[in-house]
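Only one structure is covered here, and it is reproduced in the block below.
The values are calculated or read from the model by the stated rules, or taken from the named source; none is laboratory data. On a predicted model such as this, the values are computed, not experimentally measured, just so you know. Neighbour counts run over all protein chains shown; Cβ positions are idealised from the backbone, glycine included.
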């Protein structure tokens with residue numbers, strides 16, 4: 001081998017080492033600094049309820065701070081989702097978001113708006129919650145049953161205000177699914193998240209709301225709210241006396257408010273593996289289980305492969321629902 005060939009071969013060795021060892025190095029050194037977990041809603045809603053105990057548990061597992069960053073705006077979480085989609089795929093920006101992730105791009109297309117992001121820009125890491133939504137009304141309201149609510153809404157079309165986390169967020173879509181099935185017209189009052197919408201319901205600004213069990217159970221237990229129906233396929237243990245919409249004759253009214261952790265799509269495989277392992281530990285930790293149970297929810301963990309399939313199936317169902325509903329304000 002002449003000197004020129006030797007130097008060319010020697011120069012290639014570090015590159016080969018990088019190719020073979022770089023992935024292992026990335027996993028060994030991750031994380032080396034703080035991690036940001038974007039929640040695209042204000043505090044107090046389902047995504048925030050999921051994010052805070054999970055972030056604390058991840059911090060214990062990974063050994064670095066995991067900081068919850070509430071970035072509300074745009075209606076239904078679109079601003080925070082879009083910011084996460086544009087983040088560097090290095091494992092230091094994660095997204096804890098809801099099932100509206102798939103609905104919002106479709107809503108943009110429906111209104112001929114620029115699409116803020118696409119679901120394909122994200123890599124699902126783990127699902128943590130999957131609760132059916134509940135129809136909540138003030139305990140002081142005259143409606144004791146869903147039938148009474150529907151009867152009043154038909155007598156006063158467009159006059160009963162309901163709150164949501166924003167246009168075409170999961171809480172909005174759930175209510176419009178119900179309204180279409182019952183052939184009623186309600187008044188939509190969007191807020192910047194489920195937390196502010198719940199505050200408005202408790203304060204009397206709105207008179208109804210679709211909400212996750214964990215966000216309304218304390219107020220139901222305190223006698224401030226009443227639930228009339230459950231969007232799930234079955235009754236749930238924390239509200240055993242609440243019938244499903246399906247039971248009450250609304251066969252196509254089914255909606256779940258799930259929360260899951262995502263990263264930008266191009267996340268390196270070793271870092272994805274590390275996060276999957278960390279989430280498997282975090283979601284089974286006693287602290288997370290206890291926190292969810294106290295809020296009336298249970299851990300509904302799915303690892304990345306199963307969560308990816310779940311997102312695809314649920315997204316198709318929700319997009320079909322949005323197309324049926326059409327353009328609503």
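Points worth noting:
- One residue stands out in the stretch 130-144 among those that are modelled with pLDDT of 95 or more and not in a loop (DSSP other than H, G, I, E, B): the one that is farthest from residue 245 (Cα to Cα), namely 138.
- Every condition in (1) out of contact with any helix residue (DSSP H, G or I) (no Cβ under 7 Å at 6 or more places or on another chain); (2) modelled with pLDDT of 95 or more; (3) surrounded by fewer than 22 Cβ atoms within 10 Å (Cβ to Cβ) holds for residue 217 except the one numbered (2).
- For the residues 98, 104, the requirement of being touching a strand residue (DSSP E or B) at 6+ places or on another chain (Cβ under 6 Å) and closer than 26 Å to residue 324 by Cβ singles out 98.
- The residue list 294, 321 contains one member that is surrounded by fewer than 21 Cβ atoms within 10 Å (Cβ to Cβ), out of contact with any helix residue (DSSP H, G or I) (no Cβ under 7 Å at 6 or more places or on another chain) and assigned by TED's automatic domain parsing to the domain that holds residue 47, which is 294.
- Of the residues in the stretch 73-88, at least one is over 17 Å from residue 190 (Cβ atoms), part of a loop (DSSP other than H, G, I, E, B), touching a residue at least 40 places away in the same chain (Cβ under 8 Å) and in contact with a strand residue (DSSP E or B) (Cβ under 6 Å, 6 or more places away or on another chain).
- Qualifying positions in the stretch 154-176 - farther than 19 Å from residue 215 by Cβ and either in the same structural domain as residue 77 (by TED's automatic domain parsing) or over 17 Å from the mean Cα position of the chain (by Cα) (or both): 154, 155, 156, 157, 158, 159, 160, 176
- Listed by position, the strands (runs of 3 or more DSSP E) contained in the stretch 178-281 that have at least 1 residues being within 19 Å of the chain's Cα centre (by Cα) and under 25 Å from residue 40 (Cβ atoms) are 187-190, 208-211, 256-264.
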